[in-house]
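The values are calculated or read from the model by the stated rules, or taken from the named source; none is laboratory data. Quick caveat, the model's predicted, so the values are computed rather than measured. Don't worry about glycine lacking a Cβ; one is built from the backbone with ideal geometry, like all the others, and counts go over all protein chains shown. Just so you know, the surface numbers come from the protein's heavy atoms only, side chains and all, with ligands and any DNA or RNA stripped out. Shrake-Rupley method; radii C 1.70, N 1.55, O 1.52, S 1.80 Å.
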Amino acid sequence: MKKTRILIALVLCVLAVFALASCKGGSKNSYKMTKVDMSLEDACAKVTEAGCTPVVVTIYDENNDDGAVLSVGEFTGKADNGYVTVAVNDLSIKEKVLSQPVAPRILPKESYESKIFEKISADESLKKTFESFYTLKDAATASEREVDVMKRAYPITNTEAVYVLDTGVSAKELATIDGYIKEKTEYTAEDMFNDYIAVGIVPTPNENLKSEVLSADNCEFEEIEGGVKVTLYNGEAQSIVVPAEIDGKPVVTIADGAIPQSTLHAFTTVSGLEVIEAEACSNAFGLLNITLSDTILDLGKDAFENVLFTETDGDFVTFADEILLSYTGSAAEVAVPEGIRFVGAESFLENEALTKITLPEGVQSIGNAAFKLCENVTEYNIPSTTLKICDSAFQGIRHITALHIPDSVIEIGNYAFHESNDVVEFSLGQNVKKIGDNAFEYLHLITSLDIPDSVEYLGNGAFLKCKEIATVTGGAGLKFVGTDAFGEVKWLIDLAEDYNYLADGILIKVGINEPEIIVPAEVKCISGAFNGKKKLTKIVINDGCTAITKSSFTDCAKLTDVTIPASVTYIDAGAFDMGAFANMTFHVEAGSVAEQFAKDNHIKFDNNI
């Protein structure tokens, strides 16, 4: 423990002097620190002997033997005492340092830079408090070596006071110092950004940082609905730009773990990108400059995990001034700060103290489980700028009575409003395209539903157990309706025609129970419609049908003869009873989705269609 404390103190001693050096001119001279004078090899040995986890290298000149070299190698969050600043005053070795998995930052998220020392020195009461932790010296009483270092690094005179850290400070005292800095100074992330630019450790994108645009030459990608998903970036650029297209196809998603390098400092997206998945840039510890386009619908949990330049605004932890990472308070009524565009995943998860939430205009996306199980909330708003309400965003908030989705919303995620039991007033915005699985399950008090013509996709169980809905209108734009989208709903139960549709071509219920059925020509999507048809032995699906959803032909024990045309491009894995596959024969077209489905599930098939 004693060795560990000495090492911590040693680090801060170096940082204190470096602080004075870095921001007053950014000198590139070689500095010898008074308290630290050992070789790289000796320093590494000392760290190992002390039982500390290797974290970061601090180098001051090209010989690698001046300054505090506290460790080499591993960086990824294993250090008990946080991250140490990487100071590179000799820019000739900057590339060598950047090849290490390092980040230019101290944790916890505040820094002992010159502005802090200036603020402390200017405040007599604060300075007095700090005298128990720092030795206050003037140049006349400092050692000759100390004066030499400080004069070369910082323009002082013999009458100016300078701070030299007392190396006997304890870990507990260091935590107290950090608390004072946090509470008593106004040092910001912007200040730190400028400080590091001055010393050359964080180059600015428009000057020293060469940007690389993602392309087929430097990244791997796969085709998905709507465009391509970038799955891996293979380059080493410190600045990445996500373009609108790769190989002529729209870039719509950045995948989980797609940007693996730790040296990323700038990340820019252009219009068109919709999703940045969880942990997409999780190793970008030193990420500072970020530009996110106005088309992004979903910013996954920890998409920028481990970023070190976060800021605290009261009880809100934010990144880049527009991403809310977490809320740490316990207030009953909470107003999210202006300027926030992305309410982060799980940022208020299971906060039982909340009763009222106010989100500012400008919010673009409400993240996965952002307010999930905030069970005492009785009032919240959805800003008119919101594009997507992500999975489980408001799940389990039971005590609101009115729910009106604004026209700005394009997509509503799975379970987004699941168990909003007390909702009586309900409406959907006129631009919603996709409603996810079980999004509004258990809204059992609403009595009618108007589906805007903009809605193309209605997920499994979207309005499951909304039992009192007696009328359903609209939905002219629907292309897909999942199984049990209206399970246990009065409107569906009361449908009594031979073939019952939700809008044009969406077959949602079949009233007849015959052994052989030819599906009507107008059917575009079969949505669970034949579930439980115990007499059914043969089904001929019409040419023009495009989708067969989950449970469409389950509990059809006698079904053995199935004809599926090439127009069907989606067959849910649970569309048929798997246990009945051995007795089935599929009649399909060569090369079709249905043929592949038969192959994948070991179903007998032929091309007699």
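Here are a few things to note about the model shown:
- Only one entry in 315, 321 is without any contact (Cβ under 8 Å) to a residue 60 or more places away in the chain and at positive phi, namely 321.
- Filter result (in a loop (DSSP other than H, G, I, E, B) and surrounded by fewer than 23 Cβ atoms within 10 Å (Cβ to Cβ)) within region 353-362: 353, 355, 359, 360, 361, 362
- The listed residue being among the β-branched types (Val, Ile, Thr) and more than 14 Å from residue 297 (Cβ to Cβ), out of 389, 400: 400
- Residue in region 341-352 that is open to solvent by less than 30 Å² (accessible area, probe 1.4 Å), in contact with a Leu (Cβ under 8 Å, 6 or more places away or on another chain), more than 22 Å from residue 279 (Cα to Cα) and assigned to a strand (DSSP E or B) present: no
- Residue within region 588-595 that is out of contact with any Lys or Arg (no Cβ under 8 Å at 6 or more places or on another chain) and within 21 Å of residue 499 (Cβ to Cβ) present: no
- Selection within region 537-565 - assigned to a strand (DSSP E or B), touching a Pro at 6+ places or on another chain (Cβ under 8 Å) and open to solvent by less than 10 Å² (accessible area, probe 1.4 Å): 545
- Subset of region 256-271 [part of a loop (DSSP other than H, G, I, E, B) and either open to solvent by less than 10 Å² (accessible area, probe 1.4 Å) or within 13 Å of residue 291 (Cβ to Cβ) (or both)]: 258, 259, 264, 265, 270, 271
- Members of region 566-581 that are of a type in the set (Val, Ile, Thr) and in a loop (DSSP other than H, G, I, E, B): 568, 569
- Matching residues, region 443-463, being more than 20 Å from residue 366 (Cβ to Cβ) and either of a type outside the set (A, V, I, L, M) or modelled with pLDDT under 95 (or both): 444, 447, 448, 450, 453, 456, 460, 461, 463
- Per-region count, region 408-420, residues open to solvent by less than 40 Å² (accessible area, probe 1.4 Å) and outside any strand (DSSP E or B): 7
- Any hit, region 278-285, residues being without any contact (Cβ under 8 Å) to a residue 24 or more places away in the chain and not hydrophobic (A, V, I, L, M, F, W, C): no
- Cβ-Cβ distances below 9 Å connect the following pairs, each with a first residue in region 532-549 that is in contact (Cβ under 8 Å) with a residue 40 or more places away in the chain, a second residue that is in a loop (DSSP other than H, G, I, E, B) and open to solvent by 40 Å² or more (accessible area, probe 1.4 Å), and a separation of six or more residues or different chains: 546/479; 546/524; 546/569; 547/479; 547/524; 547/569.
- Condition check for residue 295: modelled with pLDDT of 95 or more, of a type in the set (Ser, Thr, Tyr) and under 19 Å from residue 416 (Cα atoms): no
- Unique match (being farther than 16 Å from residue 294 by Cβ and of a type outside the set (Val, Ile, Thr)) among 392, 408, 384: 392
- Yes/no for residue 397 being more than 24 Å from residue 304 (Cβ to Cβ), out of contact with any Gly (no Cβ under 6 Å at 6 or more places or on another chain), buried (at least 24 other Cβ atoms within 10 Å of the Cβ) and of a type in the set (Val, Ile, Thr): yes
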